[in-house]
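Structure first, commentary second.
The values are calculated or read from the model by the stated rules, or taken from the named source; none is laboratory data. Predicted model, so just to flag it, every value in this text is computed and none were measured. No Cβ is skipped: glycine too gets one built from the backbone with ideal geometry, and neighbour counts run over all protein chains shown. These accessible areas exclude ligands, DNA and RNA; they are computed on the full protein's heavy atoms, side chains included. Shrake-Rupley method; radii C 1.70, N 1.55, O 1.52, S 1.80 Å.
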Amino acid sequence: DVKVTQSSRYLVKRTGEKVFLECVQDMDHENMFWYRQDPGLGLRLIYFSYDVKMKEKGDIPEGYSVSREKKERFSLILESASTNQTSMYLCASKPDNYGYTFGSGTRLTVV
Amino acid sequence: GQQLNQSPQSMFIQEGEDVSMNCTSSSIFNTWLWYKQDPGEGPVLLIALYKAGELTSNGRLTAQFGITRKDSFLNISASIPSDVGIYFCAGPHSSNFGNEKLTFGTGTRLTIIP
């Protein structure tokens, strides 16, 4: 089975800190995604990547950046964390056909 | 971006009851997907629908692709405790650069009352 691993389940960071959320997949998938999940809003796409060093903005990219230096790893970066970025962050990967596989999520709290 | 609205936002039911939820979109989708998220986990795909009018089952779950291609429905029969979680609809579409991305609905939280 495909495994998508997010490095932290829970994170607490201070306002203004630079935050890195890491995601690794083990099935050589081309496409990887970062979503944030908030009650009543569902999952909203932040950024996605369809190849190494390639990225595309999702629906809510403001305040975030991403890095994909290797195929298996897709990092989400909060350049200067703010309290409105407190959320659950979900990483996903998929091959060319349908079948998104999600990680277990990172619950980030910015204080 | 595109938005998918799910109804109801939450449901409180007793074990054994049937459940119905729906998802509507302002635009047409060619595929509808239904995911379930267990507490503390990421969403997992339950059912995929590829054709307008299609009715597909997965055990006690049945999903339908609406004729207008702007909606979809999920039914759960004879609910059991492990059905608890959040159910999301989702639809894939192309980005401005032609890359496929998945838009999710707002979610329906299912709770089973003892």
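Filtering the stretch A:23-47 to residues that are of a type outside the set (A, V, I, L, M, F, W, C) and farther than 29 Å from B:GLN3 by Cβ leaves A:ASP26, A:ASP28. Sub-9 Å Cβ pairs linking a first residue in the stretch A:91-111 that is open to solvent by 40 Å² or more (accessible area, probe 1.4 Å) and part of a loop (DSSP other than H, G, I, E, B) to a second residue that is of a type outside the set (Val, Ile, Thr) and at pLDDT 95 or above, at least 6 apart or interchain, are A:VAL111/A:LYS13; A:VAL111/A:ARG14, ordered by first then second residue. Residues that are over 15 Å from A:CYS23 (Cβ atoms) and either open to solvent by less than 50 Å² (accessible area, probe 1.4 Å) or in contact with a Leu (Cβ under 7 Å, 6 or more places away or on another chain) (or both) within the stretch A:42-55 comprise just one, A:GLY42. Taking the stretch B:11-104 and the strands (runs of 3 or more DSSP E) fully enclosed by it, the elements with 2 or more residues that are more than 14 Å from chain A (Cβ to nearest Cβ) and open to solvent by less than 30 Å² (accessible area, probe 1.4 Å) are at B:61-65, B:71-76. Residue under question is A:GLY16, and the condition is that it be of a type in the set (Gly, Ala, Ser), within 16 Å of B:PHE104 (Cβ to Cβ) and either within 14 Å of another protein chain (Cβ to nearest Cβ) or part of a loop (DSSP other than H, G, I, E, B) (or both); does it hold? No. Return the residue satisfying two criteria in turn: it lies in the stretch A:30-62 and is closer than 19 Å to A:SER104 by Cα and part of a loop (DSSP other than H, G, I, E, B), and of such residues it is farthest from the other protein chains (Cβ to nearest Cβ). Across the stretch A:30-62, the extreme among qualifying residues is A:PRO39. Please find, within the stretch B:105-114, the residue that is nearest to the other protein chains (Cβ to nearest Cβ) out of those that are assigned to a strand (DSSP E or B) and open to solvent by less than 20 Å² (accessible area, probe 1.4 Å). Among those that are assigned to a strand (DSSP E or B) and open to solvent by less than 20 Å² (accessible area, probe 1.4 Å), it is B:GLY105. Taking the listed residues A:THR86, A:THR5, A:THR15, the one that is touching a residue at least 40 places away in the same chain (Cβ under 8 Å) and closer than 29 Å to B:GLY85 by Cα is A:THR5, with no other qualifying.
A:ALA81 meets each of the listed conditions (1) aliphatic (A, V, I, L, M); (2) more than 8 Å from every other protein chain (Cβ to nearest Cβ); (3) within 13 Å of the chain's Cα centre (by Cα) apart from (3).
Here A:GLU62 passes the criteria (1) under 16 Å from A:THR5 (Cα atoms); (2) over 13 Å from the mean Cα position of the chain (by Cα) except the one numbered (1). Filtered by the rule that a residue be surrounded by 14 or more Cβ atoms within 10 Å (Cβ to Cβ), over 20 Å from A:GLU72 (Cα atoms) and not hydrophobic (A, V, I, L, M, F, W, C), the stretch A:4-16 gives a lone residue, A:LYS13. In the set A:PRO39, A:PRO61, only one residue is under 26 Å from B:LEU46 (Cβ atoms) and surrounded by fewer than 19 Cβ atoms within 10 Å (Cβ to Cβ); that residue is A:PRO39.
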